[in-house]
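To start, the structure itself, in structure tokens.
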Protein chains: 4
Amino acid sequence: MKKDKRSSASLLLNIQQKLRNFAEDRNWDQFHSPKNLSMALAAETAELLEIFQWLTEEQSKEIINSEKDLAQVKEEIADVYIYLVRLADKLHIDIEKEVLAKIALNEKKYPVGLSKDNATKYNKR
Amino acid sequence: MKKDKRSSASLLLNIQQKLRNFAEDRNWDQFHSPKNLSMALAAETAELLEIFQWLTEEQSKEIINSEKDLAQVKEEIADVYIYLVRLADKLHIDIEKEVLAKIALNEKKYPVGLSKDNATKYNKR
Amino acid sequence: MKKDKRSSASLLLNIQQKLRNFAEDRNWDQFHSPKNLSMALAAETAELLEIFQWLTEEQSKEIINSEKDLAQVKEEIADVYIYLVRLADKLHIDIEKEVLAKIALNEKKYPVGLSKDNATKYNKR
Amino acid sequence: MKKDKRSSASLLLNIQQKLRNFAEDRNWDQFHSPKNLSMALAAETAELLEIFQWLTEEQSKEIINSEKDLAQVKEEIADVYIYLVRLADKLHIDIEKEVLAKIALNEKKYPVGLSKDNATKYNKR
């Protein structure tokens, strides 16, 4: 339904617009080249690495029960998303469209038969 | 409006569900601990670094005119988004809610007056 | 002993000089700003993440027994070292001197009594 | 000269031994799986990204004149080196040997004629 589609996109578009306004109000567009945004994005994902680096996989799952740690994870996930939306916006990329295309591609690259229990990258199989 | 809200969320939720199915079909949940997903997420952002590392900032903006390079950027942005949604899903985090909260927080941390033309991190100002 | 010191530095200095020659021969100094080198460095460490991301910690230790995988790790470690030496060289930083200073600092920040069995970052203890 | 070689290696070996002692004294070997060390390594390189992300390439070069910023760069470079040496040590890798091999390989992959003024990755040329 067309209506659904328009409203479906509206939250991402709404966030995108908020981030544009935020940057414009501070005159930060001068800093937001794709190159710089890729650095900020990578730096934010590293904050997540730092949270999980000394935890076992089991402990990383249990972080869901630690309010304080989970709050930090939430904030870092938000930061990653923010820079990702900024980067996509600067290059006029429709993230959700690309994600749907990538999922379809992955379904071909990783057929269930070959990939069951095996996360080996398709080009190393 | 309630209707908007429900449909607004539906594309992200739809992607989230597709990714769940994808992992379940391949029995990949065993690999998708938050720790491992944080590594995959960081590794994907590095693909973007690799694209931009030897470009000037100006050249990084002009990538929008190079169909081939832009296609690669789109794919990497999709990969980052995919792992981010998986990580958030595993920890029951509502990304868009957290992003809106983070934007509100950033508005306090970076008041326009202090932040104009100045991207210095708030705790180093 | 002065003699030891001089010769001790010589392998790192030798590598540093080789890397300078390599860049000069290809006219690559134009690409080697500290900013760009930090991106290349981060991108190379992500290659290591990619190798280890779906392995358990135990499996990551056992990689020592897999000639092929270990060869890949060796190459990525070399790449990280190469960009690190280039970055330090561009900023006239004596890596080994800084490392010794940092180890001394870490001994103060992580006293044995407080840090035993506990890798919590000193500012979160 | 054999003498030079032995003493040449000694500073790296000396650092490696210091880091072993540091980890053993704190019972931290339990945390230092190759997987975890790759995460810590990547997280440290991201600290360098954070320093350089909003700077122009020119400004990143001029950091050499800012005592305070340079001190921070030195510390982060030391951290990267430290985790790199730990990771190599855990996998019995002789970093300097691998670096010399990689430089020799790069000389073949990037012949001066093809690579002059052109940092394109060899497999994308």
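The values are calculated or read from the model by the stated rules, or taken from the named source; none is laboratory data. On a predicted model such as this, the values are computed, not experimentally measured, just so you know. Note that we place each Cβ from the backbone using ideal geometry, even for glycine, and neighbour counts take in every protein chain shown. Please note that ligands, DNA and RNA were not included when accessible areas were found on the heavy atoms of the full protein model with its side chains. Shrake-Rupley method; radii C 1.70, N 1.55, O 1.52, S 1.80 Å.
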(request) Give the cross-link partners of C:Lys116 among the lysines, using a straight C-alpha distance below 28 Å as the criterion and excluding same-chain residues fewer than 8 apart. (result) A:Lys61, A:Lys68, B:Lys35, C:Lys61, C:Lys97, C:Lys102, C:Lys108, C:Lys124, D:Lys18, D:Lys35, D:Lys74, D:Lys90
(request) May I ask you to list, by number, the DSSP H helices of chain B whose Cα span along the axis is at least 15 Å and whose average Kyte-Doolittle hydropathy reaches -1.0 or more? (result) B:34-52, B:67-90, B:95-109
(request) Using a 1.4 Å probe and ignoring any ligands, DNA or RNA, find the accessible area of A:Asp29 and quote it in Å² to the nearest 10. (result) 50
(request) Decide, for chain C, between rounded, prolate and oblate: order the square roots of the alpha carbon gyration tensor eigenvalues as a ≥ b ≥ c, take rounded if a/c falls under 1.5, and otherwise choose prolate if a/b is larger than b/c, else oblate. (result) oblate
(request) Label segment B:62-125 by shape, choosing from rounded, prolate and oblate, from the square roots a ≥ b ≥ c of the eigenvalues of the Cα gyration tensor; if a/c is under 1.5 it is rounded, and otherwise prolate applies when a/b is larger than b/c, oblate when it is not. (result) oblate
(request) Let me know the mean shielding of D:94-103 by other chains, meaning the per-residue number of their Cβ atoms within 10 Å of its Cβ. (result) 6
(request) Give me a single rounded figure for D:78-86: the average over its residues of other chain Cβ atoms within 10 Å of their Cβ. (result) 6
(request) Compute the signed sum of charges (Lys and Arg +1, Asp and Glu -1) over the other residues within less than 14 Å, Cβ to Cβ, of D:Asn118. (result) +3
(request) Specify the inter-centroid distance of segment C:42-94 and segment B:28-53, based on alpha-carbon positions, in whole Å. (result) 15
